[in-house]
Amino acid sequence: MLVVVALIVVGATALFFERQQTYDESIERIPDAFPAEAGRPAPAVVPPAPAAAPAENWLLVGSDRRADQGTTGADADEQVWRFGAQRADTIMLVHLPSDRSRAYLVSFPRDSWVPIRGHGNAKINAALSYGGPPLLIATIEDLTGVRIDHFAMLDFQGFESMTDALGGVDVRVAQTVTDTARDVVWQAGTHRLDGEQALDFVRQRYNLPGGDFDRIKRQQAFLKGLAGRVTDRDVLTNPLRLNAFLETATRTVSVDSTVTMSDLRSLAVQLRSVRPDDVVFMTIPVAGTGTEGGQSVVYLDHAQSRALHRALRKDTADAYVARVGDAVNQVDEVR
């Protein structure tokens with residue numbers, strides 16, 4: 001989630017710069033997060049304009065580890081990864097183009113049936129359980145041919161804390177729906193979610209017409225709402241609340257060890273013109289659902305996905321979206 005912080009911190013640059021050492025010391029960094037260099041995709045293309053930054057790809061992961069203590073961030077009393085203890089509940093690839101005019105966020109259904117090195121075919125979220133961040137990154141890179149430059153991971157506890165630090169996040173529900181698994185009724189209209197409600201919102205898939213696919217849109221809607229909330233006037237003009245959010249975000253997120261405060265400072269400046277409406281949300285193309293060994297799985301549409309993967313590798317996501325407009329998820333209002 002750290003890239004989201006970088007996207008929204010541009011509206012509070014002075015505070016960010018003033019307290020950057022505190023934020024830097026709060027960030028938990030994961031050693032050896034990346035797979036061995038041999039066989040990895042090439043770095044992002046070199047931009048044509050000398051002054052432009054290289055395109056950059058982040059892998060954002062939400063862990064489903066349900067621990068009494070945090071598993072991510074500087075205050076974690078649990079390991080960020082323990083064999084067999086957690087899977088990736090949310091998997092998102094964020095592409096930042098070289099001109100930094102937009103951000104492209106592509107979600108992967110957690111039940112996607114894919115090859116995982118050393119384990120044959122399995123659900124994509126199992127890669128984190130089998131081999132931690134390096135194996136999950138390798139799985140995404142093998143699947144897409146897109147090189148992952150940075151990795152960020154957040155668990156449920158951190159997610160809840162970030163939401164509460166902002167005083168809640170707004171989302172809009174299209175029509176009244178009941179979450180039968182948690183006995184929660186979501187009335188049609190706008191909701192300001194606290195941390196606990198936000199978890200219920202982004203985790204629902206039962207009784208939604210699209211199941212996990214609607215769940216993905218809810219997760220994306222929440223991220224857009226998160227960015228919008230931070231840029232709200234009542235947050236930007238409240239240094240205490242803004243600082244509480246930034247402190248919470250940097251304290252509860254774990255990132256790869258190559259992420260420096262200098263990187264984040266530069267990214268904040270580069271993204272200073274990006275707003276929530278400039279973030280394009282997508283789901284990796286799917287061919288359908290089925291069962292494997294008695295478990296429900298999602299089959300990816302590899303033929304349809306190739307054009308998206310190529311666009312991310314070549315930094316032409318804008319042209320891809322222009323050609324395939326229906327690939328974009330509309331998340332201002334979700335089911």
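Remarks
- Prolate/oblate/rounded call for segment 137-248, Cα gyration tensor, a/c under 1.5 rounded: oblate
- Aspartates and glutamates with Cα under 12 Å of Lys314, excluding same-chain neighbours fewer than 8 positions away: Glu56
- Relative contact order of the chain, pairs being alpha-carbon contacts under 8 Å that are 6 or more residues apart, as %: 26 percent
- Of all DSSP beta bridges in the chain, antiparallel share, percent nearest 5: 65 percent
- For Leu208, the shell of other residues with beta-carbons less than 10 Å away shows a net charge of +2, using +1 for Lys and Arg and -1 for Asp and Glu.
- Charge tally in the Cβ shell below 11 Å around Ser107, where Lys, Arg are +1 and Asp, Glu are -1, Ser107 excluded: +3
- Each Lys and Arg Cβ is given +1 and each Asp and Glu Cβ -1; about its Cα centre, segment 2-327 then shows a dipole of about 800 debye.
- Formal net charge of residues neighbouring Leu166 (Cβ-Cβ distance under 13 Å; K, R +1; D, E -1): -4
- Counting beta carbons within 10 Å around each of Glu56, Glu141, Glu25, Glu333 and listing the fewest first gives the order Glu25, Glu333, Glu141, Glu56.
- Cα-projected label distance for Ser101 with Asp183, points at 7 Å along beta-carbon direction, nm: 5.2 nm
The numbers here are math on the coordinates, done by the rules we state, and not lab data. Here the structure is a predicted model, which means the values were calculated and not measured. Note that each Cβ is placed from the backbone with ideal geometry, even for glycine, and that neighbours are counted across all protein chains shown.
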